[in-house]
Amino acid sequence: MEAINRRSTIALGLTAAATPLIAWATPAAAQTSGSDEGKELAPGVREITHGERASVIPAYAMVKLRDVVIQPGAKTPDNMMANDMLCHMTEGELSVVQNEKKFTVKKGDVWTCAKGNTTEGTQNTSSAVAIMRVIDLMTS
């Protein structure tokens, strides 16, 4: 058995200290959903609810996290927003028409909708599946 000296102890300590750093270097990915999960909202459009909880934000009673999975060519109908919400594109891209203004959202983009103030419809005009993550901020 080899003797452990100061140099080998330092080398072993540096290796042990670097191991978590290497593991942390891998980027985290958002949880994704399968194409048959959740409920169908329209042809090629599914909603998957991930969870909900009471809110500590005074203006909102509950928060809910869900994904809207939109297949290529599929679209959501124009809807008046029933609650405030934050939206985030986790995959793909969508054409969005919000209050008659059209814009495109791509992976990583965020946008908001206001209760009773926003009408929105989306369409996946790309060749890849689009996943819109929604945080619903509900007053009741």
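Please specify each residue of segment 47-79 satisfying the condition of being acidic (D, E), over 13 Å from L137 (Cα atoms) and part of a strand (DSSP E or B). Residues satisfying the conditions are E47, D67. Scanning segment 76-90 for residues that are polar (S, T, N, Q) and at pLDDT 95 or above, we see that the one that is farthest from the chain's Cα centre (by Cα) is N83. Is one or more of the residues making up segment 27-46 in a helix (DSSP H, G or I), modelled with pLDDT under 80 and of a type in the set (S, T, N, Q)? There is no residue in segment 27-46 that is in a helix (DSSP H, G or I), modelled with pLDDT under 80 and of a type in the set (S, T, N, Q). You will find that of S95, S127, the residue that is small (G, A, S) and more than 18 Å from the chain's Cα centre (by Cα) is S127 and no other.
Scan segment 80-134 for residues that are in a loop (DSSP other than H, G, I, E, B) and not hydrophobic (A, V, I, L, M, F, W, C) and the total you get is 15. Restricting attention to segment 91-125, the residues that are among the polar types (S, T, N, Q), at pLDDT 95 or above and within 14 Å of Q71 (Cα to Cα) add up to 4. If the condition is being over 18 Å from C113 (Cα atoms) and either in contact with a His (Cβ under 6 Å, 6 or more places away or on another chain) or surrounded by 14 or more Cβ atoms within 10 Å (Cβ to Cβ) (or both), then segment 52-68 contributes only S55.
The values are calculated or read from the model by the stated rules, or taken from the named source; none is laboratory data. In this text the structure is predicted, and so the values were computed from the model without any measurement. Virtual Cβ from ideal backbone geometry, glycine too; neighbours counted across all protein chains shown.
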